[in-house]
Amino acid sequence: MAGEWSIQDLAKAAGTTSRTLRHYGQLGLLEPSRTGANGYRYYDQNSLIRLQRILLLRELGLGLPVIAEVLAGEQDTAGALRTHLELLRQQQDRIARQIESVSTTLHKTERGEPLMAAEVFDGFDHTRYKDEVTERWGKDAYESGDRWWRSLTEDGKKAFLQTQLDIAADFGKAHAAGLPVDGETVQAIVVRHRAWLGDGTQGRPVTDEYLLGLGEMYVADPRFRKNYDVHGDGTAEYILEAFRAYVAGRSA
């Protein structure tokens, strides 16, 4: 029918996956406008607008239960779009500040000039994830992580972020090389990743369940997926399988 999209077409247009759209449907966030006799799901124009809203709210760091509450309270499509536009403008301003911050850091580094913390971190605000972290792992998890992050020196913060980038790049190289997820090389990267997570939670033990939960989030959440798939499509899934192999090996 005109003006409707299959789940595959909608996922491709939105830069997400059919699996994610089905998950949204199971949660009542994005129901198909109709289901064909063959069981295929189809979405209309209103579905496009609703998915646009969901993806924006995800980008802003809101968890799915919170998004469900937001959408449930919105009856006026035009009003929701105006809110959407305002949030995008706020995000645009934040990104512009980040670009300026990184540009200033680059120029000062090249000239050997001293850096100021206010300039380096302008536009970067980890507290925007407060609601999501609290929802996923509890208030104590956010507060302890927040205290830990604020306790770091500027060099400590840079080192922590660089370690994550290095680990992600190594996963990408291993995936591109076709190394087995249960092999020694890949499992060594998993151990490094787990140690990095421990640093991020004030050295607390990282449980197998927590590790697997993160791996599943890397795959399902577009924000995390793009951070890993930048090193090659499928890297996020590769990491999850490596985590599963790690946990299976520990329980064997």
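The values are calculated or read from the model by the stated rules, or taken from the named source; none is laboratory data. Computed from a predicted structure; not experimentally measured. Reconstructed Cβ throughout: ideal geometry from the backbone, glycine too, with neighbour counts over all protein chains shown. These accessible areas exclude ligands, DNA and RNA; they are computed on the full protein's heavy atoms, side chains included. Shrake-Rupley method; radii C 1.70, N 1.55, O 1.52, S 1.80 Å.
Just for region 222-252: of the residues that are under 17 Å from Arg194 (Cα atoms) and among the basic types (Lys, Arg), which one is modelled with the lowest pLDDT?
For region 222-252, the residue satisfying everything is Arg250.
What helices (runs of 4 or more DSSP H) lie completely within region 18-73 and have 2 or more residues being in contact with a Ser or Thr (Cβ under 8 Å, 6 or more places away or on another chain)?
Numbers: elements: 18-26, 45-59, 64-72.
So the answer is 45-59.
For region 1-34, which positions are in contact (Cβ under 8 Å) with a residue 24 or more places away in the chain, small (Gly, Ala, Ser) and more than 20 Å from Asp229 (Cα to Cα)?
Passing the criteria: Gly3, Ser6, Gly28, Ser33.
Each row is one residue, and each column tells you yes or no for (1) at pLDDT 90 or above; (2) buried (at least 20 other Cβ atoms within 10 Å of the Cβ); (3) touching a helix residue (DSSP H, G or I) at 6+ places or on another chain (Cβ under 7 Å).
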position	(1), (2), (3)
Leu30	yes, yes, yes
Thr35	no, no, no
Asp44	no, no, no
Leu48	no, no, no
Leu51	no, yes, yes
Leu55	no, no, yes
Leu60	no, no, yes
Pro65	no, no, yes
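Hey, among Val219, Val191, which residue is in a helix (DSSP H, G or I), open to solvent by 60 Å² or more (accessible area, probe 1.4 Å) and at pLDDT 65 or above?
Step by step, each of Val219, Val191 is checked, and only Val191 is in a helix (DSSP H, G or I), open to solvent by 60 Å² or more (accessible area, probe 1.4 Å) and at pLDDT 65 or above.
Within region 222-239, count every residue that is open to solvent by 10 Å² or more (accessible area, probe 1.4 Å) and under 21 Å from Arg22 (Cβ atoms). Explain how you work it out, then say what you get.
We begin by selecting, within region 222-239, every residue open to solvent by 10 Å² or more (accessible area, probe 1.4 Å); these are 222-227, 229-234, 237-238.
Retained after the next criterion (residues that are under 21 Å from Arg22 (Cβ atoms)): 222-226, 229, 233-234, 237.
So the count comes out to 9.
Quick one: in region 67-110, of everything that is hydroxyl-bearing (Ser, Thr, Tyr) and closer than 25 Å to Leu21 by Cβ, which residue is modelled with the highest pLDDT?
Filtering region 67-110 for residues that are hydroxyl-bearing (Ser, Thr, Tyr) and closer than 25 Å to Leu21 by Cβ, the one modelled with the highest pLDDT comes out as Thr83.
Exactly one of (1) more than 29 Å from Ala11 (Cα to Cα); (2) small (Gly, Ala, Ser); (3) open to solvent by less than 70 Å² (accessible area, probe 1.4 Å) is unmet by Ser251. Its number?
The number of the failed condition is (3).
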